[in-house]
Amino acid sequence: MRTLVLNSAELRSALEQANRTARLSEGEWKALLGLQMHLQAAWIKQRRSALSAALADSRLPWPVRSLIRADFEGKDFTDAQLQDEITSARKSCAKADEQADLAATKGKREREVIPNSELRTPDVGRDSDAHALDDVARGAGFRDRKAEG
């Protein structure tokens with residue numbers, strides 16, 4: 001048995017043909033079209049609910065779920081089509097995570113440790129060096145303690 005999409009031109013054509021053969025009154029015809037609209041609204045609501053539930057259960061990152069929602073929202077789709085898209089997104093996310101892990105591993109470098117014996121303190125014995133350090137400290141927002149006292 002073939003299922004007609006509720007908002008398709010093919011269904012509308014089938015309803016018009018049924019109207020011609022059954023010779024429905026205008027009121028009956030409007031009631032039939034109203035029923036079609038109610039069924040279509042129920043179908044859309046059911047699809048939206050199925051989409052929300054499947055995306056919530058998918059545990060995909062929010063941006064990926066948003067993209068899938070945008071692709072499927074307001075469209076006629078089967079549960080299998082949605083599950084295929086979610087499975088494909090999971091594989092893409094896993095591949096991206098794997099590539100990020102590889103890049104992070106390649107980019108790691110061991111930090112060079114400088115022994116304390118090689119560390120040198122700046123020579124501040126000269127007046128010009130002391131004034132330079134004071135200028136740097138003032139520029140960094142440190143207050144001159146002499147001025148506060």
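Tabulated data for the structure shown
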{"read-out": "Matching residues in segment 82-94 - criterion: being of a type outside the set (Asp, Glu) and exposed (fewer than 13 other Cβ atoms within 10 Å of the Cβ)", "value": "GLN83, THR87, SER88, LYS91, SER92, ALA94"}
{"read-out": "Segment 25-53: number of residues that are out of contact with any Leu (no Cβ under 8 Å at 6 or more places or on another chain) and part of a helix (DSSP H, G or I)", "value": "20"}
{"read-out": "SER88 modelled with pLDDT of 90 or more, closer than 30 Å to LEU15 by Cα and among the small types (Gly, Ala, Ser)", "value": "no"}
{"read-out": "Segment 66-81, residues that are loosely packed, with under 12 Cβ neighbours inside 10 Å, assigned to a helix (DSSP H, G or I) and among the charged types (D, E, K, R)", "value": "ASP79"}
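The values are calculated or read from the model by the stated rules, or taken from the named source; none is laboratory data. Computed from a predicted structure; not experimentally measured. Note that we place each Cβ from the backbone using ideal geometry, even for glycine, and neighbour counts take in every protein chain shown.
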